[in-house]
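To start, the structure itself, in structure tokens.
The values are calculated or read from the model by the stated rules, or taken from the named source; none is laboratory data. Computed from a predicted structure; not experimentally measured. Cβ placement follows ideal geometry from the backbone for every residue including glycine, while neighbour counts extend to all protein chains displayed. Heads up: the accessible areas ignore ligands, DNA and RNA and are worked out on the full protein's heavy atoms, side chains in. Shrake-Rupley method; radii C 1.70, N 1.55, O 1.52, S 1.80 Å.
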Amino acid sequence: MKVIKRDGSTVDFDRSKIVRAVQKANIAVDEDERMDQDQIESIADQVSDQHRKRLLVEDIQDMVEKALMEAGKYELAKAYIIYRYTRALVRKQNTTDESILSLLLNENEELAAENSNKNTMIAATQRDYIAGEVSRDLTRRILLPEHISKAHDQGLLHFHDADYFIQPIFNCCLINIGDMLDNGTVMNGKLIESPKSFQVACTVVTQIIACVASNQYGGQSVDLCHLGKYLRRSREKFRKRMAEQCGESVDDATLDKLVQVRLQDEVKNGVQTLQYQINTLMTTNGQSPFVTLFLNLRKDDPYIEENAMIIEEVLRQRLEGIKNEKGVFITPAFPKLVYVLDEHNCLQGGKYDYITELAVKCSAKRMYPDYISAKKMRENYEGNVFSPMGCRSFLSPWKDENGAYKFEGRFNQGVVSINLPQIGILAKGDEEAFWKIFDEHLDLCYEALMCRHNALKNVKSDSSPIHWQYGAIARLPKGAPIEPLLYGGYSSISLGYIGLYEVTKLMTGVSHTQPGGTEFAIKVMKRLQKACDDWKAETNIGFALYGTPAESLCYRFARIDKERFGTIPDVTDKGYYTNSYHVDVREHIDVFDKFNFESQFQKISTGGCISYAEIPNMRHNLQALKDVIRFIYDNIQYAEFNTKSDYCQVCGYDGEIIINDDLEWECPSCHNKDKSKMNVTRRTCGYLGENFWNEGKTKEIKSRVLHL
């Protein structure tokens, strides 16, 4: 028999611990109230005879209390309860020493793997992690109600970002970059006026990004359309200066060409500033700013031509990559890029298709950009197209006092995610029991989310001037409360969910892609959506359903449930749960069917959704990738490619790894031949049908094919 401890870990049942606990309680009461040794052993035997695979430690203690009461030993039961209480106080003492010391010694593998963007060897990053461990500890022991901490430990829910909860900061936002550029801002007590040129505007944007990132824990998004105005200012400045210098010796056509050449240099240098500053800056949380650049060519934008130049250059530089310490061009982690497909650039004969052609090449080599279909997004968000926040969550449409939609300058208060497969496990196939447990777990999620909300209610604008006083979110007076921005749907607060596939399999016996399973999955999603709508109506807070891309949480929930409930085929045996509404990776489904299927869930999960396509190395077959991108525009709101590409871990080279004359894998940059230090992908032509084997090939070609 296994015992599930309070921290979620599993140990073997040890009856001697029951015996020792009752013996210690015995000492605290009068002799006539005590139990003899045989009676104590009998209680331990009662628990041992349960013959259950797993027991919670609290359940064992409840059994002991009940046995003492049934034996009429009320004073002894009271002493045992006091013993339990004092043990609980001991558990509530500081528990961070071991984790912090392991971090400083670089022995904490879990933290090292938690965030690939943070290097736990670096002193500044360690400081952030140390603060995070203290925050996590205080959150679990003191700040959260005990039953919410217990629900988190048992995997009923996940209280995201507990390592930042003690501070008055929030999750992610859409920076109101247009207002900050047009009207100026203040950083570190210094006034930053509106820029007079594109390159200066790019520099100011990177300074804003770094300052914002240092005062929140989630991602941020910047809409680059606001830079078009400053590129035009540069154009006008260049033309005026050149006209003055050249006088009448140069005609207008030649002057325009000279200005355009100078403007191209300005665009290149400005975008390079954005890319390199974002990747070389380190914020106070020990990593590069978690920032998304939103690339959207709006049809009614008066600066659309300038913005087309900017977006083209952003994609061109991302395609090229950034040199690492070895001088090899690699794919940078940031900024994330989100590219909007609209009728004029969806590869159907539009004016700006040439930019999308560049985006396709970029996706094939560098994985980014992600793609948003303006057509589908307008259907889901009252005709609006806007950026997701850095965490891939979406805001709800909101109108200001003038009736105008506003998205930039808004934010997310935080996230709590529900473990759907655990509900299915507990229900044991009984649908009536399922919905009862479902509602109970949702109530816990609501309470946890309100803890997040209530933690921000007393925050004053002085806590982060860049956010609240100088335009990133608002321009409040000093000392003003931010509380009004927490209501009316101005900000969102998110209910995440994991494992729609697994819970459907548990309750219906089939995948959510199959008849019977799909109907149940839709029903679950609509119940989640209704819960958010009901909470919003009750509280006037912007609750939203969010398909969180929390890959690490998929593993955490699965690990906890396997320890609690054992190995369940196609559920806990995989070592992970499927993210949100996604199709399980082992299902045989092509990318078109996958996107078409998942699009129905994106309509419900309006607080955040993204669908992924795992594709092979497509650098030599861009046409297949174009077909998928056209399909995205017509069929799904938000999609991303995970392109399998080669990578050498020795030198950072991420071009194509070759097979040399000795039929060995070899990096063409550093000539590394150790395959364990390479990510090597299958080389395909992009053909999506069945593979075949040509027996007429020579031995050498066969060997190459076998390696591939």
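A helix-only calculation puts the chain at -14500 deg cm²/dmol for mean residue ellipticity at 222 nm, using -39500 (n - 2.57) for each DSSP H run of at least four residues, averaged over all residues. Distance from the Cα centroid of the stretch 173-191 to that of the stretch 496-550 is 38 Å (rounded to whole angstrom). Extension gain, ASP570-LYS53: 0.36 nm per intervening residue step, less the Cα-Cα distance, totals 184.1 nm. Scaled against the 2.2 N^0.38 Å expected of a compact globular protein of N residues, the Cα radius of gyration of the chain reads 1.09.
Could you tell me which GluC sites (Glu not before Pro) in the stretch 179-288 are loop residues by DSSP with no more than 14 other beta carbons within 10 angstrom of their beta carbon?
Filter output for the stretch 179-288: GLU193.
For the set THR254, THR518, solvent exposure ranked by accessible area (probe 1.4 Å, protein chains only) runs largest to smallest as THR254, THR518.
With all projection directions averaged, the alpha carbon convex hull of the stretch 281-369 covers 6.8 nm². Of all DSSP beta bridges confined to the chain, the antiparallel ones make up roughly 40%. By accessible area, using a 1.4 Å probe on protein heavy atoms only, the chain has 50% of its surface on carbon and sulfur. Measuring between alpha carbons in the structure, the pairs from LYS5/LYS603; LYS594/LYS675; LYS150/LYS536; LYS53/LYS150; LYS351/LYS375; LYS530/LYS574 lying more than 28 angstrom apart are LYS5/LYS603; LYS594/LYS675; LYS530/LYS574. Put simply, the amide H of ILE657, placed in the peptide plane, has neighbours under 5 Å in ASP646, leaving out anything fewer than 5 places away on its chain. From the phi of every residue in the stretch 56-72, what ³J(HN,Hα) in whole Hz does the Karplus formula 6.51 cos²θ - 1.76 cosθ + 1.60 yield, where θ is phi - 60° and glycine or proline is x? Each residue's phi maps through the Karplus curve to give 6, 4, 5, 5, 4, 5, 5, 4, 5, 4, 4, 5, 5, 5, 5, 7, x Hz. With a cut-off of at most 13 other beta carbons within 10 Å, and DSSP calling the residue loop, which trypsin sites (Lys or Arg not before Pro) in the stretch 348-418 qualify? Please list them. When the trypsin sites (Lys or Arg not before Pro) of the stretch 348-418 are filtered for loop state and at most 13 Cβ neighbours within 10 Å, LYS351 remain. Spin-label model, LYS2/ASN642: points 7 Å from Cα along the beta carbon direction are separated by 2.6 nm. Within the full protein context, the accessible area of TRP535 is estimated at about 20 Å² for a probe radius of 1.4 Å. In this structure the amide hydrogen of LEU341, modeled in the peptide plane, comes within under 5 Å of the amide hydrogens of ILE372, SER373, ALA374, none closer than 5 places in sequence on its chain.
The calculated FRET efficiency for the pair ASN183 and VAL11, based on their C-beta separation and a Förster distance of 56 Å, comes to about 0.40. Using a simple spin-label model with pseudo-atoms 7 Å out from Cα toward Cβ, LYS257 and GLN514 lie 6.8 nm apart. The calculated FRET efficiency for the pair ASP443 and ASP265, based on their C-beta separation and a Förster distance of 51 Å, comes to about 0.30. Couplings 3J(HN,Hα) of the stretch 486-492, computed from phi: 8, 10, x, x, 4, 10, 10 Hz, in residue order, whole Hz [Karplus 6.51 cos²θ - 1.76 cosθ + 1.60, θ = phi - 60°; x for Gly and Pro]. Database remark: amide H of ASN672 closer than 5 angstrom to the amide H of CYS667 (H placed geometrically; neighbours at sequence offset of 5 or more, or on other chains; Pro and chain starts carry no H). One equal scatterer on each Cα of the stretch 483-545, no solvent, Debye formula: the resulting log10 I(q)/I(0) at q = 0.19, 0.21 Å⁻¹ is -0.69, -0.76. Loop-resident trypsin sites (Lys or Arg not before Pro) (DSSP state other than H, G, I, E or B) in the stretch 249-305 with no more than 12 further Cβ atoms inside 10 Å of their Cβ: LYS299. The HN-Hα couplings worked out from phi for the stretch 266-271 by the Karplus form 6.51 cos²θ - 1.76 cosθ + 1.60 (θ = phi - 60°) are 4, 4, 4, 5, x, 5 Hz, whole numbers, x standing for Gly and Pro. Over the stretch 261-372, Cα pairs under 8 Å with separation of 6+ residues give a relative contact order of 26 percent. Here ASN596 and ASP533 are evaluated by their C-beta separation; at R0 = 25 Å the FRET efficiency comes out at 0.40.
Can you tally the net charge around ARG410? Count Lys and Arg as +1, Asp and Glu as -1, for every other residue whose Cβ sits under 13 Å from the Cβ of ARG410. That works out to -2.
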